[in-house]
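Student: Handing you a structure now.
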Amino acid sequence: MVDQPMVVVRGEALRELPPDLAVFSVTVSAGGRDRQATLTRLTDRAAGLRSALDDYPDAVERRETGAVQIYPEIKRGERVTGYVGTVTTLVTVTDFAVLGDLLLRLGNQDQTTVSGPWWQLRPGSRAGADVRREAVTDALRRAREYAEAVGAEVDRLVEIVDEGAGQSLMRASFGAAEAASAPMHLEIDPQRQTVHAAVTVRVAITEPTRLRSD
């Protein structure tokens, strides 16, 4: 029995889309020789951060404590010379119109470091499914073209192999801002996200009626 002829092709699709989310981290710090005083300053600054975020209820979708560190500074054996504490919060923002002002406000607080934003599409976005569908369509179109070149038709689909789809997460760093007497405004330009999909498709074709080379 003669095996049915096969065609193996690769399909690909690419889209650039505006991000849905901006994620950044804020770290407040405190240090000093007295442990209790250090902890008091740290909790005050952490409370100040929470209060600032409370002023943007419509823009901040989620905030999560990423890490808390409290440790002694030690020199010459086990001699404690001071204490350091940090609290890091991860913030997810959906309203990019106020993002720049929020970053400036947080970065202008004492002993505060702001990093980000990291741009993302929302988890479960339809963009990935749409791009994968386009990749399969592209592969089937190529398969039909190859089949037609030898006087055949696509008979049936044998296999689809997903080569993996990914999304790029673009980022930009933002350091702590210097205090200023005049109002500040930071324009933020969201970075478009690239969504890519590639598949390998194997199809069976009817018996070719001609072979040609152009």
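Student: Just one of (1) open to solvent by 60 Å² or more (accessible area, probe 1.4 Å); (2) more than 30 Å from Ala129 (Cβ to Cβ); (3) not β-branched (Val, Ile, Thr) trips up Met6, so point out which.
Tutor: Result: Met6 passes all but (2).
Student: Return yes when Arg105 is open to solvent by 40 Å² or more (accessible area, probe 1.4 Å) and either closer than 26 Å to Glu16 by Cβ or in contact with a strand residue (DSSP E or B) (Cβ under 9 Å, 6 or more places away or on another chain) (or both) and no when it is not. I'd like the intermediate steps shown before the answer.
Tutor: Details: open to solvent by 40 Å² or more (accessible area, probe 1.4 Å): yes; either closer than 26 Å to Glu16 by Cβ or in contact with a strand residue (DSSP E or B) (Cβ under 9 Å, 6 or more places away or on another chain) (or both): no.
Criteria not met by Arg105.
Student: Identify the single condition in (1) open to solvent by 60 Å² or more (accessible area, probe 1.4 Å); (2) within 23 Å of Val60 (Cα to Cα) that Glu134 does not satisfy, given that it satisfies every other one.
Tutor: (2)
Student: For segment 8-41, how many residues meet the condition of being part of a strand (DSSP E or B) and among the polar types (S, T, N, Q)?
Tutor: Filtering segment 8-41 down to residues part of a strand (DSSP E or B) leaves 8-17, 21-32.
If we keep only those that are among the polar types (S, T, N, Q) too, we end up with 25, 27, 29.
Residues that pass the stated criteria total 3.
Student: When you go through Val98, Val91, Val114 one by one, which is the residue that is of a type in the set (A, V, I, L, M, F, W, C), touching a helix residue (DSSP H, G or I) at 6+ places or on another chain (Cβ under 6 Å), buried (at least 16 other Cβ atoms within 10 Å of the Cβ) and touching a residue at least 12 places away in the same chain (Cβ under 8 Å)?
Tutor: Values: Val98 fails: touching a helix residue (DSSP H, G or I) at 6+ places or on another chain (Cβ under 6 Å); Val91 fails: touching a helix residue (DSSP H, G or I) at 6+ places or on another chain (Cβ under 6 Å).
So the residue among Val98, Val91, Val114 that is of a type in the set (A, V, I, L, M, F, W, C), touching a helix residue (DSSP H, G or I) at 6+ places or on another chain (Cβ under 6 Å), buried (at least 16 other Cβ atoms within 10 Å of the Cβ) and touching a residue at least 12 places away in the same chain (Cβ under 8 Å) is Val114.
Student: Give the residues of segment 68-77 that are within 23 Å of Leu42 (Cβ to Cβ) and either over 29 Å from the mean Cα position of the chain (by Cα) or buried (at least 17 other Cβ atoms within 10 Å of the Cβ) (or both), sorted by residue number.
Tutor: Of the residues in segment 68-77, the ones within 23 Å of Leu42 (Cβ to Cβ) are 68-75.
Correct list: Ile70, Tyr71, Pro72, Glu73, Ile74, Lys75.
Student: Sticking with this one: Which of the residues that make up segment 137-167 are modelled with pLDDT under 90 and surrounded by 13 or more Cβ atoms within 10 Å (Cβ to Cβ)?
Tutor: Those that are modelled with pLDDT under 90 and surrounded by 13 or more Cβ atoms within 10 Å (Cβ to Cβ): Glu163, Ala165, Gln167.
Student: Just give me the residues in segment 26-60 being crowded, with 16+ Cβ neighbours inside 10 Å and either in contact with an Asp or Glu (Cβ under 7 Å, 6 or more places away or on another chain) or among the charged types (D, E, K, R) (or both), in sequence order.
Tutor: Start the filter on segment 26-60 by keeping residues that are crowded, with 16+ Cβ neighbours inside 10 Å, which leaves 26-30, 32, 38, 41-42, 45-46, 49, 52-53, 56, 59-60.
Matches in segment 26-60: Arg41, Arg45, Ala59.
The values are calculated or read from the model by the stated rules, or taken from the named source; none is laboratory data. What you see is a predicted model, and the numbers here were worked out from it, not measured in a lab. When we count neighbours, we look across all protein chains shown, and the Cβ atoms used for this are built from the backbone with ideal geometry, even at glycine. Please note that ligands, DNA and RNA were not included when accessible areas were found on the heavy atoms of the full protein model with its side chains. Shrake-Rupley method; radii C 1.70, N 1.55, O 1.52, S 1.80 Å.
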